[in-house]
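Below is one structure; the comments refer to it alone.
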Amino acid sequence: MTQLSTMKERIDRLLAEVDSIKAVSLDEVEQLRIKYLSKKGLVSVLFDDFKTVPSEKKREVGQILNELKNKAQLKLDELKSAFGSKEENQVSSLDPTRPVDHMEPGTRHPLSIVRNQIIEIFGRIGFTVAQGPEIEDDWHNFSALNFTADHPARDMQDTFFITEDSGILLRTHTSSVQIRTMETRKPPIRMIFPGRVFRNEAISARAHCIFHQVEGLYLDKHVSFADLKQTLIYFAKEMFGEQTKIRLRPSYFPFTEPSGEMDVSCNICGGTGCNICKYTGWVEILGCGMVDPHVLENCGIDSTVYTGFAFGMGIERITMLKYQIKDLRLFFENDVRFLRQFTGAK
Ligand code: DAH
């Protein structure tokens, strides 16, 4: 009985002691750990003595003994973290005059460089930027843009569907952001929408299943095809140089009427013919047109009051032309020998 009460007394005393321990350095914390918790420490010794406690009392004593051990461990952990790790503690011994380690300057990805340039060029004539989701619904990617359920134009874009019923998909173009914008804003709207798009296409030097587009939309009273043409001439000259010529060919898109495709004179051969322009002297860079009145109505915009133009261009195509890159796969390989060549470009 006496033995038992001294055991309990010793535990109680240590509990109180552990409660009030303090340390002024990490070294002191270590000393305390040795004092209490090492193999021969005060707490561990109690565990040895615990073997002599009569079995009917083992439960009661074991409980407070465990409590003591946990408390000591917790207290020491707290003290230790208050001092931080050893390395952090040695900060004062750092030599601040030592030269810094050599750092390789990073580069912007060529697609980012060109995207930023496009944003900047349109920014100068009042176009602001918005973005939309990459996972889209059928309405924004197709239906609102006049692609009805059985419209053959849906076949122009090989779609990655996410749901069995084709209701949710990876957007195939940034034209979906036109719809989102017209649904939520009132004209005048003068905006561009850069972003990533997805199509189920085999990867080759000229195509990839992931690529990037910039969509443009200008909606107001009295916007005409002449405004579209002038805007595109301005863009082409700013992007590829003053000598650049454009060519507008009639085309078809369900959401524009009339529709066109724009070519720029090939800046690789200067128009004389090379394998990039397939010996035509022209390279197609975008689709465009006047927004179909039905599309405006789909978005709750009065087509008797407002007209607008839209265009959509591929950033990869423009970057290839600008930097004379002949294989689109290079954009996605993350090969530093390729990327490093853009050091210093804005
Ligand atoms: N969305 C079309 C595509 O990906 C490109 C396009 C054509 C966008 C005409 C437009 C447009 O805004 O007016 O092929």
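Taking a probe of 1.4 Å, how large is the accessible area per residue of the range 180-225, in Å²?
Working: 2260 Å² over 46 residues.
Counting only protein heavy atoms, the per-residue value for the range 180-225 is 49 Å².
Using packing as a proxy for protection, rank 175-182, 251-258 so that the peptide with the highest average count of other Cβ atoms within 10 Å comes first.
Working: 175-182: 24.0, 251-258: 18.8.
In decreasing order of mean packing, 175-182, 251-258 become 175-182, 251-258.
Once phi is turned into ³J(HN,Hα) by the Karplus curve 6.51 cos²θ - 1.76 cosθ + 1.60 with θ = phi - 60°, what whole-Hz value does each residue of the range 99-113 show in order, with x for glycine and proline?
Coupling constants for the range 99-113: x, 6, 5, 5, 10, 6, x, x, 10, 6, 5, x, 5, 5, 4 Hz.
Helix 26-37 sits at what angle to the longest principal axis of the chain, using alpha carbons and giving 0 to 90 degrees rounded to 10?
So the helix axis and the longest Cα principal axis differ by about 50 degrees.
Name the residues whose placed amide hydrogens come within less than 5 Å of the amide hydrogen of SER166, ignoring near sequence neighbours (fewer than 5 apart) on the same chain.
none
Measuring from centroid to centroid over Cα atoms, what is the spacing of the range 245-290 and the range 90-141 in Å?
30
Quick one: which residues, 5+ away or cross-chain, put their amide H under 5 Å from the amide H of TRP282? H built at 1.01 Å from N.
Those qualifying (amide H under 5 Å, at least 5 residues apart or on another chain) are CYS266.
Using the Karplus curve 6.51 cos²θ - 1.76 cosθ + 1.60 with θ = phi - 60°, work out ³J(HN,Hα) for each residue of the range 133-138 in order, rounded to whole Hz, and write x for Gly and Pro.
Running phi through 6.51 cos²θ - 1.76 cosθ + 1.60 with θ = phi - 60° gives x, 7, 8, 10, 9, 4 Hz.
Using a 7 Å offset from the Cα along the Cα-to-Cβ direction at both ALA205 and ASN275, what is the distance between the two label points in nm, to one decimal?
Using points 7 Å along Cα→Cβ, the separation is 0.4 nm.
For the range 110-342, what number of Lys pairs, 8 or more residues apart or on separate chains, have alpha-carbon atoms under 28 Å from each other?
Within the range 110-342, the lysine pair count is 17.
Nearest 500 deg cm²/dmol is fine: what mean residue ellipticity at 222 nm does the chain get from its DSSP H runs of n ≥ 4 alone, each adding -39,500 (n - 2.57), divided by its residue count? Don't jump to the answer; show the numbers that get you there.
Numbers: 12 runs with 135 residues, N = 346.
So the helix-based figure for the chain works out to -12000 deg cm²/dmol.
In whole percent, and with a 1.4 Å probe on the protein chains, what portion of the accessible area of the chain is carbon and sulfur?
52
Taking a probe of 1.4 Å, how large is the accessible area per residue of the range 2-92, in Å²? Write out the running numbers ahead of the final one.
Values: 6290 Å² over 91 residues.
Result: 69 Å² per residue.
I need the phi-derived Karplus couplings for the range 166-176: 6.51 cos²θ - 1.76 cosθ + 1.60, θ = phi - 60°, integer Hz, Gly and Pro marked x.
So the Karplus estimates, Gly and Pro as x, are 6, x, 10, 8, 7, 4, 8, 7, 8, 4, 4 Hz.
List the lysines whose Cα lies under 19 Å from the Cα of LYS58, skipping any in the same chain that are fewer than 8 positions away.
The qualifying lysines are LYS8, LYS69.
The values are calculated or read from the model by the stated rules, or taken from the named source; none is laboratory data. No experiment lies behind these values; they were computed from the predicted model shown. Positions of Cβ are generated from backbone atoms using ideal geometry, with glycine treated the same way; all protein chains shown enter the neighbour counts. The accessibility values were calculated without ligands, DNA or RNA, using every heavy atom of the protein model including side chains. Shrake-Rupley method; radii C 1.70, N 1.55, O 1.52, S 1.80 Å.
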